[in-house]
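No value in this document is a laboratory result; all are computed from the given coordinates. All values reported here derive from a predicted model rather than from experimental measurement. Cβ coordinates were reconstructed from backbone atoms using ideal geometry, including for glycine residues, and neighbour counts include every protein chain displayed.
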Amino acid sequence: MDAVLLEMENLGLQPDTAVYNALVSVYGKAGLFREVELIVKTLQAEGTRLGHGGPAFDLVTYNTLLDVYGRAGRLNDVINTFSDMKKTKVQPDVKTFNALVNAYGRACHFDGVLSLAHSPC
């Protein structure tokens, strides 16, 4: 378990999605994608526990994942995350598309940028 989450648990505090989002951002910016994946799995388990039938992700979670994966050049993770976002019916916003455009641009995948214009959300 993540040290921050463990400390919160020891203090009797229940982390919320904002805490998980912050951890994804910090670990992603540091290039610690193993830790990012552990946080994602924790969020998935938390969503199941809460009866969401899936991850307890919100728009900020998806945008954060898209941003950190895109900045790291992990285009497949960007594509998979955006696909998951659409499946869970979380509506993208301007930040979502900024992250997607930046990710495709960094990967020199300009057809991907153009496909966003035709992407039903």
Given the peptides 73-79, 9-15, 85-91, arrange them by the average over their residues of other C-beta atoms within 10 Å, most packed first.
-> 73-79, 85-91, 9-15
With only Lys, Arg, Asp and Glu charged, each at its Cβ (+1 for the first two, -1 for the last two), find how big the charge dipole of the chain is about the Cα centre; round to the nearest 20 debye.
-> 360 debye
Cβ-defined net charge surrounding V68, 10 Å radius [Lys, Arg +1; Asp, Glu -1] | +1
By Kyte-Doolittle mean hydropathy of at least -1.0 and Cα axial length of at least 15 Å, which whole DSSP H helices of the chain are selected?
-> 17-29, 33-49, 59-71, 75-87, 94-106
Round to the nearest 0.05 the FRET efficiency obtained for L38 and E9 when R0 = 22 Å and r is the Cβ-Cβ distance.
-> 0.90
Computed helical MRE - 222 nm, the chain, DSSP H runs ≥ 4 contributing -39500 (n - 2.57), nearest 500 = -21500 deg cm²/dmol
Please give the net charge around R34, taking every other residue with its beta carbon less than 12 angstrom from that of R34, where Lys and Arg add +1 and Asp and Glu add -1.
-> -2
Which order do the peptides 93-102, 17-26 take when ranked by the mean count of other beta-carbon atoms within 10 Å per residue, highest first?
-> 17-26, 93-102
